[in-house]
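A quick write-up on the structure given underneath.
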């Protein structure tokens with residue numbers, strides 16, 4: 001029994017309408033019933049209750065962490081076949097002693113990983129593997145528990161791709177060689193033989209192959225006893241089939257009775273029974289919900305083209321497997337015969353053939369019995385992001401795997417996601433280190449900042465979340481050098497975080513730079529005010545190797561220039577000019593920036609006073625050259641103009657890239673800079 005049932009004409013997952021789930025989470029999506037999963041687990045456990053047993057759920061059937069956690073809480077052990085599955089089981093709270101590591105190709109790294117975790121047993125499948133585990137365990141001063149997986153050469157009468165117990169299959173050790181293998185294990189100091197294992201295939205619909213396989217195992221256990229090799233358990237694997245269509249698999253009670261009767265009659269001494277079921281627990285605990293994109297009629301067939309395909313469920317394409325397909329909402333219209341196919345560019349991309357359904361474009365369908373080998377065998381073929389997974393428990397839903405994005409597809413191919421932003425003429429590249437971006441070296445920054453051969457930008461911004469509404473904020477000029485503060489960049493960061501819904505705009509955003517905490521407030525859809533902190537006129541803060549005074553003089557090419565110097569988190573020299581268009585930005589700006597009086601260099605601003613609340617500004621920025629805009633430079637110029645009595649707050653500063661409004665009440669009060677920001681595009685390298 002499962003919990004996917006119609007109420008009236010509408011399909012429900014437990015107490016939630018499937019259409020509601022599709023509306024909330026999108027399609028295609030896998031929908032799991034927790035009550036079904038738990039019911040099936042308890043049914044398997046109860047069937048073997050009369051005998052000491054261990055149920056090790058086969059993680060390969062479905063490894064979603066939420067499902068594994070449920071099973072772990074129920075007391076399940078886990079059968080794994082890779083280091084990744086080991087990590088999943090441990091992350092889900094599995095007891096390491098209840099983990100069985102199966103599989104023919106265990107790597108050195110995986111064996112070390114398993115020994116470090118303290119797993120219960122390795123099911124070993126070849127002599128080279130046995131020697132490898134011994135050598136690694138010895139190097140780690142550990143004893144590895146092992147069980148030899150035998151190949152009994154038994155036909156389980158299942159699909160050849162999921163048959164594992166025939167002589168020509170890659171799995172297990174030939175039954176005729178098993179006794180010699182156990183003698184070898186006895187001679188290896190870092191191994192201890194604790195059991196014998198066997199697994200003959202999957203989706204088995206008869207009991208006799210199981211009885212025959214267990215009988216073979218017990219005959220070998222009896223032969224080992226005569227050699228004084230005593231084991232603790234036998235592991236019969238999994239493989240019991242389920243009903244996908246008209247199959248009549250054995251009941252769990254009959255399955256248990258067959259195995260336990262065989263064990264009682266043939267075991268030479270008491271042995272625990274271990275099992276590795278997967279499909280029988282999880283298969284019918286899930287449906288795949290898909291939307292019909294088109295109904296396409298041809299001379300020979302009618303196709304219902306779905307948004308799900310073989311990338312979401314490969315069993316029909318791989319095994320010609322049958323899954324029942326039903327409408328999420330029953331319609332009273334006439335049924336039509338259709339092939340349900342996906343969007344993947346393969347003729348094998350079908351989910352069901354020749355099905356009678358009453359459907360229209362835009363309708364939802366549910367593919368049943370997909371919990372086992374459904375999502376777990378999915379792929380990204382055709383660059384299709386993998387779908388979402390949703391868990392239902394009674395009347396509650398939980399997203400247990402988010403739908404993948406295109407950025408997810410690109411993230412492992414040395415693709416660096418970035419966002420191109422603008423803040424008043426300054427253009428920035430923003431790297432969100434919480435979104436798979438990596439830190440760029442100074443050399444890479446210089447290369448990519450180039451206008452002809454790179455992306456082209458004035459500054460690189462890097463952010464990483466520290467806590468709610470607080471982020472680390474690093475700024476680099478185009479030459480790769482780190483900058484202490486950038487208000488235009490801060491606005492760009494604030495807009496990015498707003499567009500990505502990563503902050504609460506009812507609260508202030510805080511950006512932690514290399515030397516201070518900046519506060520940003522939203523005042524419009526793309527407009528923000530940035531707290532730039534109070535100005536600092538001390539030579540140590542700039543730094544400046546000249547005596548402290550309001551106006552400094554410096555001689556360049558036999559000409560004297562007067563300037564003010566202050567720090568707005570980064571150093572600025574401000575010169576007043578009569579005509580902004582004629583300001584010597586490229587000559588005097590560069591010379592003053594690089595002058596020995598500024599050992600760490602300085603930004604140089606040339607301002608023209610236009611009125612009590614307005615000035616014009618051009619800036620030579622260290623590491624950049626003349627720039628269209630400089631937020632901290634606009635603050636520095638407005639502060640000097642206010643301090644020297646030329647202007648009053650607020651001051652509108654006109655730069656080549658646009659205008660900023662600067663608010664300052666004087667003395668030690670913070671400077672607030674207000675302006676717009678813009679997102680240009682998102683890209684990846």
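Computed from the coordinates by the stated procedures, all read-outs in this text should not be read as laboratory data. Every value quoted in this text rests on a predicted model; they were computed, and no experiment measured them. Using ideal geometry, Cβ is built from the backbone for each residue, glycine included, and neighbour counts are taken over all protein chains shown.
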Relative to the longest principal axis of the C-alpha atoms of the chain, give the angle of the C-alpha long axis of helix 127-139, reported between 0 and 90° and rounded to the nearest 10°. 50 degrees
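If you stretched the chain out fully between residue 269 and residue 436, how much longer would it get, using 0.36 nm times the residue separation minus the C-alpha to C-alpha distance? Mind showing how you got there, number by number?
Values: separation 167, 0.36 × 167 = 60.12 nm, distance 5.58 nm.
Length gained between residue 269 and residue 436: 54.5 nm.
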From the Cα centre of the stretch 31-86 to that of the stretch 601-644, the distance in Å is 67 Å
Each label sits 7 Å from Cα toward the beta-carbon; between residue 470 and residue 560 the label points are separated, in nm, by 5.0 nm
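Which value, in nm² and rounded to one decimal, describes the direction-averaged projected area of the C-alpha convex hull of the stretch 552-669? Intermediate values should be presented prior to the final figure.
On the way: hull surface 27.1 nm².
The orientation-averaged projected area of the Cα hull of the stretch 552-669 comes to 6.8 nm².
Give me 672, 664 ranked fewest to most by other Cβ atoms within 10 Å of their Cβ, as a rough exposure proxy. Before the final figure, lay out the partial values.
Values: 672 21, 664 24.
Going from least to most buried by this count: 672, 664.
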Would you compute, for the Cα atoms of the stretch 34-193, the largest minus smallest coordinate along each principal axis and list the three values in descending order, in whole Å? 47, 40, 31
Can you pull the one-decimal nm distance between simple spin-label points at residue 482 and residue 453, each 7 Å off the Cα toward Cβ? 2.7 nm
Using a 10 Å cut-off on Cβ atoms, rank the peptides 392-403, 589-600 from the highest mean neighbour count down. 589-600, 392-403
Would the stretch 408-530 count as rounded, prolate or oblate if I go by the C-alpha gyration tensor, calling it rounded below 1.5 in a/c and otherwise prolate when a/b exceeds b/c, oblate otherwise? prolate
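Calculate the FRET efficiency for residue 395 and residue 504 from the Cβ-Cβ distance with a Förster distance of 25 Å, rounded to the nearest 0.05.
Numbers: r = 29 Å, r/R0 = 1.15.
Efficiency, from the Cβ-Cβ distance: 0.30.
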When a/c is below 1.5 the answer is rounded, else prolate if a/b is larger than b/c, else oblate, so apply that to the stretch 1-106 with a ≥ b ≥ c taken from the square roots of the Cα gyration tensor eigenvalues. oblate
Rounded to the nearest Å, what's the spacing between the alpha carbon centres of the stretch 498-527 and the stretch 435-487? Just the number, please. 18 Å
Nearest 10 degrees, 0 to 90: what angle lies between the long axis of helix 34-47 and the longest principal axis of the chain (Cα atoms)? 30 degrees
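Multiply the residue separation of residue 108 and residue 512 by 0.36 nm, subtract the distance between their alpha-carbon atoms, and state the gained length in nm to one decimal.
On the way: separation 404, 0.36 × 404 = 145.44 nm, distance 4.30 nm.
Net length gain for the segment: 141.1 nm.
What percent do you get for the relative contact order of the chain when only Cα pairs under 8 Å and 6+ apart count? List each step's numbers first, then the result.
Details: 1602 pairs, mean separation 70.3, N = 685.
Taking the mean separation of contacting Cα pairs over the length of the chain, I get 10 percent.
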Counting each DSSP H run of 4 or more residues in the chain as -39500 (n - 2.57), what helix-only mean residue ellipticity at 222 nm follows after dividing by all residues, to the nearest 500 deg cm²/dmol? -7000 deg cm²/dmol
Extending each Cα 7 Å along its Cβ direction at residue 331 and residue 97, get the distance between those two points in nm, one decimal. 5.8 nm
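How would you rank 345, 56, 243, going from fewest to most other Cβ atoms within 10 Å of each one's own Cβ? Walk me through the numbers on the way to the answer.
Details: 345 9, 56 27, 243 13.
Exposure proxy ranking, most exposed first: 345, 243, 56.
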Working out 0.36 nm times the residue gap between residue 527 and residue 380, then minus their Cα-Cα distance, what length gain in nm do you get to one decimal? 49.0 nm
For a label point 7 Å from the Cα of residue 613 along Cα→C-beta, name the residues of the stretch 645-685 whose backbone N is under 18 Å from it. 645-655, 659-666, 672-676
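Only counting other Cβ atoms within 10 Å, I'd like 580, 281, 475 sorted with the fewest neighbours first. Please report the intermediate quantities before stating the final value.
Working: 580 19, 281 31, 475 24.
Lowest count first: 580, 475, 281.
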Whole-angstrom Cα spans of the stretch 349-421 along principal axes, big to small: 50, 33, 28
Please give the helix 631-643 orientation as an angle from the longest Cα principal axis of the chain, in degrees from 0 to 90, rounded to the nearest 10. 30 degrees
R0 = 22 Å: FRET efficiency of residue 410 with residue 345, Cβ-based, nearest 0.05? 0.65
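What Kirkwood hydrodynamic radius, in Å, does the chain give when the mean of 1/r is taken over all pairs of distinct Cα atoms and then inverted?
Numbers: mean 1/r = 0.0331 Å⁻¹.
Result for the chain stands at 30.2 Å.
Is the shape of the stretch 284-402 best called rounded, prolate or oblate, per the rule: a/c under 1.5 gives rounded, else a/b larger than b/c gives prolate, else oblate, with a ≥ b ≥ c the square roots of the Cα gyration tensor eigenvalues? Walk me through the numbers on the way to the answer.
Details: a/c = 1.81, a/b = 1.24, b/c = 1.46.
In terms of gyration-tensor shape, oblate.
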